[in-house]
Amino acid sequence: MAARRLAARPVLLTRLHTVSRSQNTANVTGVDTYKYIPGGPILPGTVNDATTFPPPSKSHGSHHWAFERLLSAALIPLTASTFALSATPYPVLDGLLAVSLVIHSHIGFDSMLVDYVHERKFPVTGPIAKWGLRAATLSVLVGVYQFNTTDIGLTELIMKVWHA
């Protein structure tokens, strides 16, 4: 069985990758004919196209990076101070912690979407996922605000669950 697969494979590869030297084109079975480019076929209009780069700037991405790191570092003392002090007399700390956690989560999920669901590769799914994340973040912010103002608050909820 394995010998049959190995024997059939070179025939399949030679049939799929035949190159006509006289016309300088690559003929692939079932696909239109494209100009032959040494190193492999590069199909126009796909993720193989070269990306356009913005003009160089020393501080373009550094603001985002610095904000993400400062927010992550600020969450440690903010969380400790919110739980050390009771959230009831300090609702500002409770609200600040809740908003910081939501923004921190949004940045993380947005980085995941930028890395794995890029708009060039997924022209329909990419924007839908990005706007879905924005809508989810906005709805979570509204929910956290409602929970902190009309109910016991995030810190009190975590304390009750922790001691339950």
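What follows draws every value from the coordinates through simple rules; no lab data is involved. Since the structure is predicted, the reported quantities are computational estimates derived from the model, not experimental observations. Counting neighbours? That spans all protein chains shown, and the Cβs are built from the backbone with ideal geometry, glycine included.
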Taking the mean number of other Cβ atoms within 10 Å as a proxy for protection, how do you rank 93-102, 108-117 from highest to lowest?
-> 93-102, 108-117
Once phi for every residue in region 134-147 is put through the Karplus expression 6.51 cos²θ - 1.76 cosθ + 1.60 (θ = phi - 60°), the whole-Hz ³J(HN,Hα) values, with Gly and Pro written as x, are 4, 5, 5, 5, 5, 5, 5, 4, 5, x, 5, 4, 4, 5
